[in-house]
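Let me begin by presenting the structure, written as structure tokens, before commenting on it.
The values are calculated or read from the model by the stated rules, or taken from the named source; none is laboratory data. This one's a predicted model, so the numbers in the text were calculated from it and none came from an experiment. Quick reminder, even Gly has a Cβ in these numbers, built from the backbone with ideal geometry, and neighbours come from all protein chains shown.
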Amino acid sequence: MALAVTDRPPGTAADWTIPQNWASYTSSEHAVWDRLYDRQTDMLRDRACNAFRRGVEHLSLSEKGIPNFDELSERLSKRTGWRVVAVPGLVPDEVFFEHLANRRFVAGRFIRKPDQLDYLQEPDVFHDLFGHVPLLSDPVFANYMQAYGEGGLKALRLGALEKLARLYWYTVEFGLIAESSGLRLYGAGILSSFGESRFALDDASPNRLKFDLMRVMRTHYRIDDYQQTYFVIDNFDQLLHQTRDADFTPLYRELEKLPDLAPDAVIASDRVMSRGSQQHAYRGKFQ
Ligand code: PHE
Ligand code: FE
């Protein structure tokens, strides 16, 4: 997710993209990718949603090393018209949404150091590619992401970004999906995290609530630790229709009158799948 940044670094194009410069990755950088990839692929067996597993296969992500964005974009664009472009780090919200609205996913080109396999604050190429890109090969999810970009530009104009950002957080980054074989992961922040991919499904601590658009847009979230609540969709069609096909302008007005909710709140109208013990020792504050 993009945070507020204003100055465009030297060497970036007007749309903030940079060349990935794939040839400049070192063999130890490729080796970090391979370690993360193998470990996460083991962890996600029986945890990732079907669309993610299909995406990994369609995009040949099992090939060794950090993917080349141009080659990946060729495969991806044949399926859903999406491409992957490199950026130096966080980009301004408007730039981020403009890319999404045009089916371009912005990704960091750098990869974490070998001593940061488990946790890192800023998204790297493993999070961005492994976490996000497989689902962009799913036609319905691909449409959702583009619509979200358009919705982001609109939310900026309406001063409602804080509310809309929560939708991204609780779906694109930390979403769960109820499949016939059980609860599965589709959020990129979980799929790219060794610890959270187990925690989100197996731990007794977090709440797991059925997805509800207004409820999600009222809910604060954690940026520095596992989530205290996960929202569960039934399928991507449901997610797409409840968001793209609704006019958010009146919803934003209504949200101004409703109190925000803490990340661990459970309220009377929630459809609770599992109520968390909240026993996990959270660090830091929530947003
Ligand atoms: N339909 C929303 C609006 O009118 C935009 C949107 C689409 C938001 C998809 C999120 C996801 O603002
Ligand atoms: Fe992300």
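Close contacts from the range 143-158, counting a first residue that is without any contact (Cβ under 8 Å) to a residue 60 or more places away in the chain and closer than 16 Å to Val91 by Cα and a second that is of a type in the set (Ser, Thr, Tyr) and more than 7 Å from ligand 1 (Cβ to nearest atom), with Cβ to Cβ under 9 Å and a gap of 6+ residues or different chains, come to Gly152/Tyr168. Inside the range 264-284, residues that are over 18 Å from Ala204 (Cα atoms) and loosely packed, with under 10 Cβ neighbours inside 10 Å make up a count of 3. Name the residues in the range 90-131 that are touching a Leu at 6+ places or on another chain (Cβ under 8 Å) and basic (Lys, Arg), would you? Selection gives Arg112 alone. Would you mind finding the one in Leu261, Leu255 that is within 15 Å of ligand 1 (Cβ to nearest atom), surrounded by fewer than 20 Cβ atoms within 10 Å (Cβ to Cβ) and aliphatic (A, V, I, L, M)? After applying the criteria, what remains is Leu255.
Looking across the range 65-89, the residues that are in a loop (DSSP other than H, G, I, E, B) and under 26 Å from Glu122 (Cβ atoms) come down to Gly65, Ile66, Pro67, Asn68, Trp82, Pro88, Gly89. Residues that are surrounded by 18 or more Cβ atoms within 10 Å (Cβ to Cβ) and within 9 Å of ligand 1 (Cβ to nearest atom) within the range 155-190 comprise Ala155, Ala160, Leu164, Leu167, Tyr168, Thr171, listed in sequence order. Residues that are within 16 Å of ligand 2 (Cβ to nearest atom) and either farther than 12 Å from Asn235 by Cα or outside any loop (DSSP other than H, G, I, E, B) (or both) within the range 177-193 comprise Leu185, Gly187, Ala188, Gly189, Ile190, Leu191, Ser192, Ser193, listed in sequence order. Going by the structure shown, is Arg222 in a loop (DSSP other than H, G, I, E, B) and under 22 Å from Ile267 (Cβ atoms)? It is true that Arg222 is in a loop (DSSP other than H, G, I, E, B) and under 22 Å from Ile267 (Cβ atoms). Being modelled with pLDDT under 95 and touching a Lys or Arg at 6+ places or on another chain (Cβ under 6 Å): is that true of Leu120 here? Spelling it out, Leu120 is indeed modelled with pLDDT under 95 and touching a Lys or Arg at 6+ places or on another chain (Cβ under 6 Å). Looking only at residues in the range 122-166 that are over 11 Å from the mean Cα position of the chain (by Cα) and not in a helix (DSSP H, G or I), the one that is farthest from Thr41 (Cα to Cα) is Gly159. Taking the range 13-27 as the range and being surrounded by 13 or more Cβ atoms within 10 Å (Cβ to Cβ) and either assigned to a loop (DSSP other than H, G, I, E, B) or touching a Lys or Arg at 6+ places or on another chain (Cβ under 8 Å) (or both) as the test, the residues that pass are Asp15, Trp16, Thr17, Ile18, Pro19, Gln20, Tyr25. Against the numbered list (1) in a helix (DSSP H, G or I); (2) within 16 Å of Gly131 (Cβ to Cβ), His30 comes up short only at (2). Scanning the range 196-208 finds no residues that are within 16 Å of ligand 1 (Cβ to nearest atom) and either closer than 23 Å to Gln116 by Cα or assigned to a strand (DSSP E or B) (or both).
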